[in-house]
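Beneath this line is the structure, given in structure tokens, with notes to follow.
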Amino acid sequence: MERTLAIIKPDAVAAKHTGNIIDIIENNDFNIVRMYKTKLSRDQAERFYAIHKGKSFFEELVCMMISGPIIVLALEKDGAIKAWRELMGDTNPANAAPGTIRNLYGISIGSNATHGSDSPATAVQELAFFFPDL
Ligand code: GDP
């Protein structure tokens with residue numbers, strides 16, 4: 001069984017899509033290993049997205065991620081990393097396939113409802129960031 005980190009971002013939490021997104025997660029046979037609600041500090045958001053430091057959208061990304069509470073989840077399933085990214089859809093909601101989470105709940109590329117780890121190495125790092133006991 002593979003694990004991945006999922007985040008329900010501030011835009012989707014504020015719009016009260018948390019329940020619908022958790023429904024989608026459970027209907028797609030993910031096991032929710034851990035889950036909690038938190039609000040990131042600027043320092044935490046900058047460290048979490050350090051890979052994007054220096055990019056044109058970095059400041060906008062950090063501001064969006066600290067704009068309100070988020071839900072962080074450790075998800076488990078065979079092939080969880082790819083399966084969760086497919087379920088989220090394209091980074092830009094305008095290009096996300098019908099029925100994907102970003103198609104259903106994303107507002108813009110900056111406010112695109114969810115995050116998911118993009119590789120096994122990233123998943124290990126990101127899970128340790130939010131769930132050091134795992
Ligand atoms: P992801 O793996 O699909 O989340 O996409 P990336 O790792 O490429 O980017 C991380 C996050 O940065 C995305 O989920 C977007 O919310 C945000 N992002 C990426 N590109 C842009 C952009 O051009 N403008 C803004 N405002 N945000 C962006």
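Compared with the direct C-alpha span, the chain from residue 56 to residue 121 gains 20.9 nm at full extension, assuming 0.36 nm per residue.
In this calculation the C-beta distance from residue 109 to residue 26 is compared with R0 = 25 Å, giving a FRET efficiency of 0.40. Under a model in which nothing but the beta-carbon of Lys, Arg (+1) and Asp, Glu (-1) is charged, segment 2-130 shows a dipole of about 300 debye around its Cα centre.
Can you tell me the FRET efficiency between residue 38 and residue 92 if r is taken as the Cβ-Cβ distance and R0 is 30 Å, rounded to the nearest 0.05? The computed FRET efficiency comes out at 0.70. Ellipticity at 222 nm from helices only: DSSP H runs of n ≥ 4 in the chain, each -39500 (n - 2.57), divided by the residue count, give -11000 deg cm²/dmol. Summing Lys, Arg as +1 and Asp, Glu as -1, what charge do residues with Cβ under 15 Å from the Cβ of residue 79 carry, residue 79 excluded? Residues close to residue 79 contribute a combined charge of -2.
Summary of packing: across the peptides 107-114, 69-76, the per-residue average of other C-beta atoms within 10 Å ranks them, highest first, as 69-76, 107-114. Over all pairs of different C-alpha atoms in the chain, the reciprocal of the mean inverse distance, the Kirkwood hydrodynamic radius, equals 14.7 Å. Of the residues 125, 13, 75, the one whose Cα sits farthest toward the positive end of the charge dipole of the chain, with +1 on the Cβ of Lys and Arg and -1 on the Cβ of Asp and Glu, is 13. The length gained on full extension between residue 18 and residue 63, counted as 0.36 nm times the residue separation minus their Cα-Cα distance, comes to 14.2 nm.
When Rg and Dmax are taken over the Cα atoms of segment 76-126, they come to 11.1, 30 Å.
Each value in this text was obtained by applying a stated rule to the coordinates, not by laboratory testing. Just so it is clear, the structure is predicted and the values come from calculations on it, not from any experiment. We place every Cβ from the backbone using ideal geometry, glycine too, and count neighbours over all the protein chains shown.
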